[in-house]
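Here's the structure, in structure tokens; my notes come after.
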Amino acid sequence: MPISIAKIQEAATRIRKSTRRTFHEAKASSLATAFLCHSHKDASLVKGITNLLEDSGWDVYIDWEDSSMPETPNRQTALNIQNKIKDLKYFLFLATENSMSSRWCPWEIGYANGVKNIENILIIPTADRLGTARGNEYLQLYRRIDIADGGGLAAWQPGQTSNGVWVKEL
């Protein structure tokens, strides 16, 4: 099942005590690091899913938080993104209406598919208030992240509906 956008927005309203580390510190501590592919139009959803992932002990890279990114997207932007996708352990695709229609997001997942182990690419499918799901196109290709019955995030293999693995255990 896709994660409801309302659930992600609810997570975005939580105040988190900052536990931000540099990605080098996170990697040195063997924490999961992830590149979050998303549309900039989904800023509140990005905050919510980041809170949920950080609750599971992950450090999440958000490109618009990176001061080394150019103000206007250009070739350097693409090179920076490619380097982050290669450097961080996981590639996550936040599948929303906006990311599915983005020019950058399909390029990013295509690039990730070429440079990462398929087990390290995960889709985060979402559903709007009407139940319209986003990300179905990718669900048979990659593992997906969803909210498990216990309330935390878990990952499932394509087509699997039971026996997911807690994200904090990946």
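FYI, it's all coordinate maths here, none of it is from the lab. Being a predicted model, the structure only gives us computed values, none of them experimental. Positions of Cβ are generated from backbone atoms using ideal geometry, with glycine treated the same way; all protein chains shown enter the neighbour counts.
Observations, loosely collected:
- Restricting attention to the chain, the count of lysine pairs at 8 or more positions apart or across chains with alpha carbons under 23 Å apart stands at 25.
- Amide H to amide H, with H built 1.01 Å from N, Ser39 comes under 5 Å of Ser99, counting only residues 5 or more places away or on other chains.
- If R0 is taken as 30 Å, the Cβ-Cβ distance between Met1 and Asn113 corresponds to a FRET efficiency of 0.80.
- Taking label points 7 Å from Cα along the Cα-to-Cβ direction, Glu65 and Lys41 give a separation of 2.3 nm.
- Averaging the sequence gap over all C-alpha pairs within less than 8 Å and six or more residues apart, then dividing by the number of residues, gives the chain a relative contact order of 24 percent.
- log10 of Debye I(q)/I(0), alpha-carbon scatterers only, for the chain at 0.08 Å⁻¹: -0.21
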